[in-house]
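Engineer: Encoded as structure tokens, here's the structure I'll be asking about.
The values are calculated or read from the model by the stated rules, or taken from the named source; none is laboratory data. Everything numeric in this text was worked out from a predicted model, so none of it was measured. Because the Cβ atoms are built from the backbone with ideal geometry, glycine has one as well, and the counts that use them run over all protein chains shown. These accessible areas exclude ligands, DNA and RNA; they are computed on the full protein's heavy atoms, side chains included. Shrake-Rupley method; radii C 1.70, N 1.55, O 1.52, S 1.80 Å.
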Amino acid sequence: MAFHLAHGTVVYRTTPLHGYSAIEMVERFGKDHWELTAALPRDTEEITAESARETVGAAADEPSRFAVPPEDAAPGGLYARVEQLDSMIEATMAWLRVSAVGTDTELEWASYQSADYDYELDMREALRDAASLLSQMVRHRNTLAIRNEIRDRKRDEED
């Protein structure tokens, strides 16, 4: 785990994901707890754990939820991963369908550069990102499904 300081007062921490150290999760300390954030701001500088403790107190010593194994261990294997992706695809699609309603007309009533206008632009970006994520998940699910099929065929041929 590494600590970072942004804007002179905001503490972030990066933690390798348990089970796959190539992925680092980023958390920001705010409102007396650590919350997941998308990335470190550009102007951050790495600080020591002692410096982080001076700013956020005992929270600097709290373990990151990303550094420990999940409480509910998920089954492994390609078939389980396909089922997990199916569930994530379904949830993402449901959110996307509900959230997209009215998006085509919402900007028409909002005043340019108002908070409402900015909100609608942010919402459109979130919808585009969700659609992109959905495409990636479908692609990965299809790849895993094909690998499962190939493994099953090989197994059948060997038997």
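Engineer: With respect to residue 50, determine if the residue is open to solvent by 30 Å² or more (accessible area, probe 1.4 Å), free of Cβ contacts under 8 Å to residues at least 24 places away in the same chain, touching a strand residue (DSSP E or B) at 6+ places or on another chain (Cβ under 7 Å) and not assigned by the TED database to the domain that holds residue 142.
Structural biologist: So residue 50 does not fit the description; no.
Residue by residue, here is whether (1) outside the structural domain of residue 132 (by the TED database); (2) farther than 30 Å from residue 33 by Cβ holds:
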site	(1), (2)
67	yes, no
70	yes, no
73	yes, no
87	no, no
93	no, yes
100	no, yes
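Engineer: Quick one: is residue 7 open to solvent by 60 Å² or more (accessible area, probe 1.4 Å), of a type outside the set (Lys, Arg) and in contact with a helix residue (DSSP H, G or I) (Cβ under 8 Å, 6 or more places away or on another chain)? Even if it seems obvious, please write down each step before you answer.
Structural biologist: Numbers: open to solvent by 60 Å² or more (accessible area, probe 1.4 Å): yes; of a type outside the set (Lys, Arg): yes; in contact with a helix residue (DSSP H, G or I) (Cβ under 8 Å, 6 or more places away or on another chain): no.
In short, no.
Engineer: Search the range 35-46 for residues being within 18 Å of the chain's Cα centre (by Cα) and assigned to a strand (DSSP E or B), and hand back the single one that is surrounded by the fewest Cβ atoms within 10 Å (Cβ to Cβ). Break it down stepwise before answering.
Structural biologist: Keep residues of the range 35-46 that are within 18 Å of the chain's Cα centre (by Cα), which gives 35-41.
Narrowing the set further to residues that are assigned to a strand (DSSP E or B) leaves 35-37.
Details: 35: 9, 36: 11, 37: 13.
Ranking the qualifying residues of the range 35-46, first place goes to 35.
Engineer: Next up: Collect the residues in the range 128-159 that are open to solvent by 100 Å² or more (accessible area, probe 1.4 Å) and farther than 21 Å from residue 90 by Cα, keeping them in residue-number order.
Structural biologist: 147, 151, 153, 154, 155, 156, 157, 158, 159
Engineer: Determine the pairs where a residue that is more than 14 Å from residue 60 (Cβ to Cβ), located within the range 1-16, has a partner that is surrounded by 17 or more Cβ atoms within 10 Å (Cβ to Cβ) with Cβ atoms under 7 Å apart, the partner being 6 or more residues away or on another chain.
Structural biologist: 6/12; 6/44
Engineer: For the range 20-34, which positions are modelled with pLDDT under 95, out of contact with any helix residue (DSSP H, G or I) (no Cβ under 9 Å at 6 or more places or on another chain) and open to solvent by 80 Å² or more (accessible area, probe 1.4 Å)?
Structural biologist: Residues satisfying the conditions are 20, 21, 31.
Engineer: Separate question: Any idea how many residues of the range 22-43 are among the hydroxyl-bearing types (Ser, Thr, Tyr) and touching a residue at least 40 places away in the same chain (Cβ under 8 Å)? Walk me through it before giving the result.
Structural biologist: Filtering the range 22-43 down to residues among the hydroxyl-bearing types (Ser, Thr, Tyr) leaves 37.
Then keep just the ones that are touching a residue at least 40 places away in the same chain (Cβ under 8 Å); that gives none.
Going through the range 22-43 one residue at a time, the tally reaches 0.
Engineer: If you go through the range 47-54 one residue at a time, do you hit one that is modelled with pLDDT of 95 or more, within 30 Å of residue 9 (Cα to Cα) and outside any helix (DSSP H, G or I)?
Structural biologist: yes
Engineer: What single numbered condition from (1) open to solvent by 40 Å² or more (accessible area, probe 1.4 Å); (2) under 30 Å from residue 151 (Cα atoms); (3) not charged (D, E, K, R) fails to hold for residue 92?
Structural biologist: The single condition residue 92 does not satisfy is (1).
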